[in-house]
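Reviewing the structure listed below.
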Amino acid sequence: MITAFSTDSRIEGYNLILLEDDRKYFPPYFAAPVIRRQTLSRYPEIKEALAPIENLLDEETMRRLNFEVDQKKRQFARVVQEFLEAQGLGADK
């Protein structure tokens, strides 16, 4: 038994089973971009660039991507590139 975020790579790496937090002890864990208003005002294209990935990163996907980096020791940038390409969002998009 370990304490872990629901996106922890060890869950997949060690074939662990997530227990349901039926008492809602732990707060939900959601990924979200954090951008300073000043930066977004200066570079409004950032909001547009992030829009396509808005609903792509659920817990299972994040756990799988984290597994590739943490457990398989793959390069972060390569894992991200492959994920985006698989979603039709490669660098040329």
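The values are calculated or read from the model by the stated rules, or taken from the named source; none is laboratory data. Since this is a predicted model, take the numbers as computed values, not measurements. FYI the Cβ positions are ideal-geometry reconstructions off the backbone, even for glycines, and counts take in every protein chain you see.
I'm trying to understand the selection: among the residues of the stretch 1-41, which are of a type in the set (D, E) and either part of a loop (DSSP other than H, G, I, E, B) or at positive phi (or both)? Lay out the reasoning, then the answer.
If we filter the stretch 1-41 for residues that are of a type in the set (D, E), which is where we start, we get 8, 12, 20-22.
Listed by number, the residues that qualify are D8, E20, D21, D22.
May I ask you to list the residues in the stretch 31-81 that are of a type in the set (A, V, I, L, M, F, W, C) and over 30 Å from Y14 (Cβ atoms)?
Pass one, the stretch 31-81, residues of a type in the set (A, V, I, L, M, F, W, C): 31-32, 34-35, 40, 46, 49-51, 53, 56-57, 62, 65, 67, 69, 76-77, 79-80.
Once the filter is applied, which keeps residues that are of a type in the set (A, V, I, L, M, F, W, C) and over 30 Å from Y14 (Cβ atoms), the stretch 31-81 yields V34, I35, L40, I46, A49, L50, A51.
Show the residue pairs that are 6+ apart or on different chains and have beta-carbon atoms under 7 Å apart, the first residue being within the stretch 76-93 and on the phi > 0 side of the Ramachandran plot, the second being of a type in the set (A, V, I, L, M, F, W, C) and modelled with pLDDT of 95 or more.
The qualifying pairs do not exist here.
So which residues in the stretch 21-43 are within 24 Å of D70 (Cβ to Cβ) and either of a type outside the set (S, T, Y) or without any contact (Cβ under 8 Å) to a residue 12 or more places away in the chain (or both)? Give the steps one after another, and end with the answer.
Filtering the stretch 21-43 down to residues within 24 Å of D70 (Cβ to Cβ) leaves 21, 26-34.
Across the stretch 21-43, the qualifying residues are D21, F26, P27, P28, F30, A31, A32, P33, V34.
Please tell me if R63 is farther than 21 Å from S6 by Cβ and of a type outside the set (A, V, I, L, M, F, W, C).
No; evaluated as a whole, the condition is false for this residue.
Report yes if P52 is at pLDDT below 90 and either in a loop (DSSP other than H, G, I, E, B) or of a type in the set (D, E, K, R) (or both), otherwise no.
On the way: at pLDDT below 90: yes; either in a loop (DSSP other than H, G, I, E, B) or of a type in the set (D, E, K, R) (or both): no.
Taking the combined requirement at face value, the residue does not satisfy it.
So which residues in the stretch 27-55 are surrounded by 10 or more Cβ atoms within 10 Å (Cβ to Cβ), of a type in the set (G, A, S) and under 30 Å from A4 (Cα atoms)?
A31
Of the residues V79, V69, which is within 19 Å of L16 (Cα to Cα), in contact with a helix residue (DSSP H, G or I) (Cβ under 8 Å, 6 or more places away or on another chain) and not acidic (D, E)? Spell out how you get there, then give the answer.
Values: V79 fails: within 19 Å of L16 (Cα to Cα).
Only one candidate qualifies: V69.
Kindly provide the set of residues from the stretch 2-25 that are surrounded by 11 or more Cβ atoms within 10 Å (Cβ to Cβ) and either of a type in the set (A, V, I, L, M, F, W, C) or touching a strand residue (DSSP E or B) at 6+ places or on another chain (Cβ under 8 Å) (or both), ordered by number.
Within the stretch 2-25, A4, F5, I11, L16, L18 qualify.
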